[in-house]
Amino acid sequence: MEPYLYGCRLDQDIIDLDQTVEHLQLALNFTAHIAYRGGIILFVSRRRQFGHLVESTAMKCGEYAHTRYWQGGLLTNAPVQYGPNVRLPDLLIFLSTLNNVFQQHVGIRDAAKMNIPTVGVVDSNCNPSLITYPIPGNDDTPVSVELYCRLFQMTIRRAKDKRRQMELLHGLSKPTPESS
Amino acid sequence: MAAYCGRTLGAFQRKYACSIFSMATAQLCPQGRQICVSSALHRKNETNSEPRKFSAEFIEKQVGEFDIGKRHLANMMGEDPENFTQEDIDRCIAYLFPSGLFEKKAKPIMKHPDEIFPKQRAVQWGADGRPFHFLFYTGKESYYSLMHELYGKILNLEKYQDRLKAKGLFSKDAKQISLRATRWLTKEEVETVLLEGISTQDYTRFIQLLEQLISMPYHSVEEKFILQYRQQLEAQSSKQTVPQLEKDDRGVDFSRAEGRRKSSVASVILRDCGSGHITVNGHDYLQYFSVLQDREQLMFPLQFTGMLGRFDLECTVSGGGRSGQAGALRLAISRCLLSFLSEGEVENLRQAGLLTSDPRVKERKKPGQEGARKKFTWKKR
């Protein structure tokens, strides 16, 4: 996380917000494109303080959330757990990349294994290596998590509205998942 | 009509539309001679492929065939097709296809397709693959959505209470919902409500959150939601059968009841407006039961309800020894008394144990031992 830090003052790491802005721009743009093309977005966070907030955000966007205990084979063993033709999420958004024991969330590694892109808010105690679009930022305070939730919700809603608009104007067909 | 065998049959194979009996197909061997091969050889290894999917139309077709077959069977056996129950079907199939096999699952059966084909969960995503429920990827969507809803209610209540405090309208003694004579739903009942299994920790957490909701002063706002998860407790005494109160020739109330204890059978007639006379098998109870303990057993129900000198007892008892007879009489007297008592007193009697029949009987002697428990002398060598 050192490249993303501006410095350290009184034992408190200060994140470089100029870099945050750039990363946030890239991440939101990517999310918007995924939502525009009708992809499944899964919000993940293992912080109990913000679990309800994250689930409500997902519900308002019309996307999916997972703020509970992560069962081991969720992504890697999905056909067995859910059914043969289940569709996996196309994007994972981590509002906090750590789990309750301050280790890296299993979902990051599993998404990398299943070739699913990830967007994640990485704090100064997190490892940003496996995340496709890291956003260096604070994941501890309610104010900052609410900000991120609002931003993602706004992005996804705008993308979906744009899609609907384009469908009406140009007669585009509804987004269908291509079988890989 | 199709009578299904317990094991998988050719009828379900979509590739080979065979009947239930295996069909022999003719094949040409290299020399040009015909060789008959049974369809069992054509069947590929089923354990390797994924478990068979039965579509909704297929199941519906099977249900239709089953209903028609049921009517045919009823007509065949000369019975009424309208009121033909599953037991009648089983009886008729056992008659038409007698089987000497011991394994129940190997015998021919004809049951409703819902019982034969394994239940499959309804597909939980639409045509484009997107799941319907927003918590689908957690695995336990009903349970977690319930927890989400409950936590949302707690947060809303806190905000409401804060608003009231800000306006100065907050009062600690707000309306409380009455929870007496109710209990929380058990884990099994919650599982039936949610239609999915939950673990003990999940259930404990759920009850903890509900208790937290109830502990808030203004929880009566969510009364309807809370009462959904409370179960009424029935008073056990409501299940007690009270003997009928009859009137004899002189207009005096009396009731009859029976009781058993340890191979003694007793029958008692309790007459009102008496003076405490007790007759057992025609003799006075002082003569019949010379031991004080047995007479105390007889008097205990009357003494407990405080009606010692009010009733006349006419008892008959047979079988067993003196203690067993006394116990049987006590049970019979308590049962008779029920028709003269109010609900609360019946509950008191039940709590005292006077209405429970004692299930203890003599334990049998086992081979290799002296008695029921006593062993032969143990010798070290």
Given a cut-off of 31 Å, what percent of all Cα-Cα pairs of chain B lie beyond it? 71
Roughly how tilted is helix B:200-215, in degrees to the nearest 10 and between 0 and 90, from the longest Cα axis of chain B? 60
Work out the mean other chain Cβ neighbour count within 10 Å for the residues of B:170-180 and drop it here as an integer. 0
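At a Förster distance of 35 Å, what's the computed FRET efficiency of B:ARG250 paired with B:HIS283, Cβ-Cβ distance as r, to 0.05?
Working: r = 24 Å, r/R0 = 0.68.
The calculated FRET efficiency here is 0.90.
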For the stretch B:239-381: relative contact order, % (alpha-carbon pairs under 8 angstrom, 6 or more apart): 29
Along the stretch B:257-274, Karplus-curve 3J(HN,Hα) (6.51, -1.76, 1.60; θ = phi - 60°) to the nearest Hz, with x for Gly and Pro, reads 7, 10, x, 10, 7, 6, 6, 9, 10, 10, 9, 10, 10, 9, 9, 7, 6, x
Given charges at Cβ of Lys, Arg, Asp, Glu: the stretch B:164-235 dipole, positive-most of B:SER215, B:GLN201, B:LEU164: B:LEU164
Where does each of B:73-85, B:279-291 land if you order them by average Cβ count within 10 Å, highest first? B:279-291, B:73-85
Jot down the per residue volume, in cubic angstrom and as a whole number, of the convex hull over the alpha-carbon atoms of the stretch A:96-180. 117
Nearest-0.05 FRET efficiency for B:ASP162 and B:ARG295, computed from C-beta distance (R0 60 Å): 0.30
Relative contact order of chain B, pairs being alpha-carbon contacts under 8 Å that are 6 or more residues apart, as %: 11
Suppose the chain between B:VAL63 and B:ALA127 were pulled fully straight at 0.36 nm per residue; how much longer would it get relative to their current alpha carbon spacing? 20.4 nm
C-alpha center-to-center spacing [the stretch A:101-139, the stretch B:103-159] in angstrom: 30
Given that compact globular proteins tend to follow 2.2 N^0.38 Å, what is the ratio of the alpha-carbon Rg of the stretch B:234-381 to that value? 1.28
With a 25 Å threshold on alpha-carbon distance, the violating pairs from B:LYS153/B:LYS187; B:LYS104/B:LYS140; B:LYS172/B:LYS224; B:LYS105/B:LYS187; B:LYS61/B:LYS111; B:LYS159/B:LYS187 are B:LYS104/B:LYS140; B:LYS105/B:LYS187; B:LYS159/B:LYS187
Could you tell me how many degrees, from 0 to 90 and to the nearest 10, lie between the Cα long axis of helix A:17-36 and the main elongation axis, the longest principal axis, of the Cα atoms of chain A? 20
Let me know the mean shielding of B:139-150 by other chains, meaning the per-residue number of their Cβ atoms within 10 Å of its Cβ. 3
Grab the beta carbon distance between A:ARG109 and A:LEU169, set R0 = 41 Å, and tell me the FRET efficiency rounded to 0.05. 0.50
Give the peptides A:164-171, A:27-34 in descending order of average Cβ contacts within 10 Å, highest first. A:27-34, A:164-171
Listed residues A:GLY107, A:PRO89, B:SER142: farthest to the positive end of the dipole of the protein assembly as shown (Cβ charges): A:GLY107
Mean separation of Cα pairs under 8 Å and 6+ residues apart, divided by the residue count of the stretch B:125-238: what relative contact order is that in percent? 34
Cβ neighbours within 10 Å from other chains - mean over B:124-131: 5
Can you give the calculated 222 nm mean residue ellipticity of chain B, where each DSSP H run of n ≥ 4 adds -39,500 (n - 2.57) and the sum is split over every residue, rounded to the nearest 500 deg cm²/dmol? -11500 deg cm²/dmol
Dipole magnitude of chain B, debye to nearest 20 (Cβ charges: Lys/Arg +1, Asp/Glu -1, about Cα centre): 2160
Spherically averaged projected area in nm², based on the convex hull that wraps the Cα atoms of the stretch A:1-160: 9.3
Dipole of the stretch A:123-180, Cα-centred, from +1 at each Lys and Arg C-beta and -1 at each Asp and Glu C-beta, to the nearest 20 debye? 480
Pairwise label distance in nanometres, A:GLU2 with A:GLN19, each label 7 Å out on the Cα-Cβ vector: 1.1
Give me the Å³ per residue figure for the convex hull around the C-alpha atoms of the protein assembly as shown. 453
Just the Kirkwood number for the stretch B:281-365, please: inverse of mean 1/r across all distinct Cα pairs, in Å, one decimal. 13.8
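Each reported figure results from applying straightforward, stated rules to the coordinates on display, with no laboratory input. Computed from a predicted model, the values in this text were never measured in an experiment. In this analysis, Cβ positions are derived from the backbone assuming ideal geometry, glycine residues included, and neighbour counts consider all displayed protein chains.
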